[in-house]
Amino acid sequence: MSQVIPLSVPNLSLDILENLRETIETGWVSTGGRFIEEFEKKVAAYVGTERAVSCQSGTAGLHLALKVLGVEYGDEVIVPTLTFIAAVNPVKYLGAEPVFMDCDDTLNLDVNKLEAFLEEECQFTDGTVINKSTGKKIKAIIVVHVFGNPASMERLMEIKEKYNLKLLEDATEALGSYYKDGTFAYRHCGTIGDIGVYSFNANKIITTGGGGMIVSNNGELLEEISFLSVQAKTDPLYFTHDEVGYNYRMTNIQAAFGTHQIDQLESFIDTKINNYNLYSNGIEHIEGLGLLSFRKDTRANHWFYSLIVEEQYKVNRDELLIQLNNFGIQTRPLWGLIHKQKPYCANQSYRIENAIFYEERLLNIPCSSNLKQEQVMEVLKRLGD
């Protein structure tokens, strides 16, 4: 094909121009304006929480969430090594340290290893988890719903309660994913732990160009997050500030995109599921390739499609990566595991095994919500040649 098939790009419509025109005509282009509140209400209604608080980015949302959950200098937070580094960096912003966990075959945090770590490597006394090897308090767990595939929240919530830990859901890739069975049937990713965070970066399932959203069933936490995100103004008229805040607000222009985009979300997910099924049907006939599945007891948003390149395939993963990109088919490998990144090499990691396999074998293939059927067939053709 002469045209590039992109990996993941926004699905935008010129219908949004009316919203943008209003922001320009009224002058409300920055961190005030009606679209911000409207977008917050729409997200809260969609995921089923009473309130949502918008912010500058998913990363900013994670930073604020960890802060109000009480993570402080010298604490530790359990995190996955298989994730984008933005899920981990906010731990460092607060002077805390991450402890890295392996993934399971959904790419999400391995709950069996998490439980073994807490039982064998930690001491639980007077409601506090102490890491035996460092002597530090473990305050929280960050779980990432990787590529929109819901993590094992039932077991994670049991562990949270057993060990008196805070649980932060990084649902930045999982807007629209929810559980169909079990304790949390029809609960959305991001709405089960103490706090959940979504992202609207340009490659996410809906976009505001940037921006994020924070949700919780704890109104006090959200009120504190909202306060901190606007520079912690105790008295906004006289500019009184009793603590350090942040300029983490979403702009009205971003929200003008968001109020339109979220109305399209279900149709975007339908397209992603249909295209995933097309890929799956084609790839099952290609020796040495597999397509990572999504959990059957959930309605995943199918944000990213993960191709597993086995040894019996005609070329290795990196050679396939180069070949596809040379054909104009944008693909990318999995993120480099965080525990091996330079800022985190000295941090503790626990039995990292599965993540290494996926780091070496996984390839993300085109998955935009405006991806055409003929483009899927072109990708399959190149994979099978």
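Below are the figures for this structure:
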| item | result |
| --- | --- |
| As computed over the stretch 1-106, the Cα convex hull volume per residue (Å³) | 199 |
| Debye log10 I(q)/I(0) at q = 0.16, 0.23, 0.24 Å⁻¹ for the stretch 245-334, Cα point scatterers | -0.83, -1.18, -1.23 |
| Residue order, fewest to most surrounding Cβ atoms within 10 angstrom, among 106, 208 | 106, 208 |
| Whole-Hz ³J(HN,Hα) from phi, Karplus 6.51 cos²θ - 1.76 cosθ + 1.60, for the stretch 350-359, glycine and proline x | 10, 6, 7, 9, 4, 4, 5, 4, 6, 4 |
| Likely footprinting exposure, 16, 214, fewest C-beta neighbours within 10 Å first | 16, 214 |
| Out-of-range pairs (alpha-carbon distance over 31 Å; input 340/372; 166/342; 92/204) | 340/372 |
| Structure-derived Cα extents along the principal axes in Å: which label, when the choices are (i) 66, 61, 40; (ii) 84, 50, 41; (iii) 69, 51, 35 | (i) |
| The stretch 122-200: mean projected area of Cα convex hull, nm² | 5.7 |
| Translational D in µm²/s for the stretch 28-72 (Stokes-Einstein at 20 °C, 1.002 mPa s, Kirkwood Rh from C-alpha pairs) | 181 |
| Order of 35, 268 - criterion: other Cβ atoms within 10 Å of each residue's Cβ, fewest first | 268, 35 |
| Isotropic mean projected area of the C-alpha convex hull, the stretch 265-384 (nm²) | 9.2 |
| Unsatisfied cross-links (Cα-Cα over 22 Å) in the set 67/233; 42/139; 67/160 | 42/139 |
| Gain upon complete extension [residue 247, residue 132; 0.36 nm per residue less C-alpha separation] | 37.6 nm |
| Largest-first principal axis extents, alpha carbons of the stretch 123-268, Å | 49, 46, 26 |
| Cross-link reach list, lysines versus residue 314, counting only Cα pairs under 16 Å and skipping chain neighbours closer than eight places | 381 |
| Solvent-free Debye scattering, log10 I(q)/I(0), computed from the Cα coordinates of the stretch 45-122 at q = 0.17, 0.18, 0.27 Å⁻¹ | -0.81, -0.88, -1.19 |
| Considering only the chain, percent of DSSP beta bridges that pair antiparallel, nearest 5 | 60 |
| Computed helical MRE - 222 nm, the chain, DSSP H runs ≥ 4 contributing -39500 (n - 2.57), nearest 500 | -10500 deg cm²/dmol |
| Karplus-derived 3J(HN,Hα), 6.51/-1.76/1.60, for each residue of the stretch 135-150, Hz, glycine and proline x | x, 9, 6, 9, 9, 8, 10, 9, 10, 10, 7, 5, 6, x, 8, x |
| Positive-end residue of 95, 109, 380, charge dipole of the chain with Cβ unit charges | 380 |
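Values quoted throughout were computed directly from the atomic coordinates according to the rules given, and no laboratory measurement underlies them. Keep in mind it's a predicted model, so treat the numbers as computed, not measured. Positions of Cβ are backbone-derived with ideal geometry, glycine not excepted, and every protein chain shown enters the neighbour counts.
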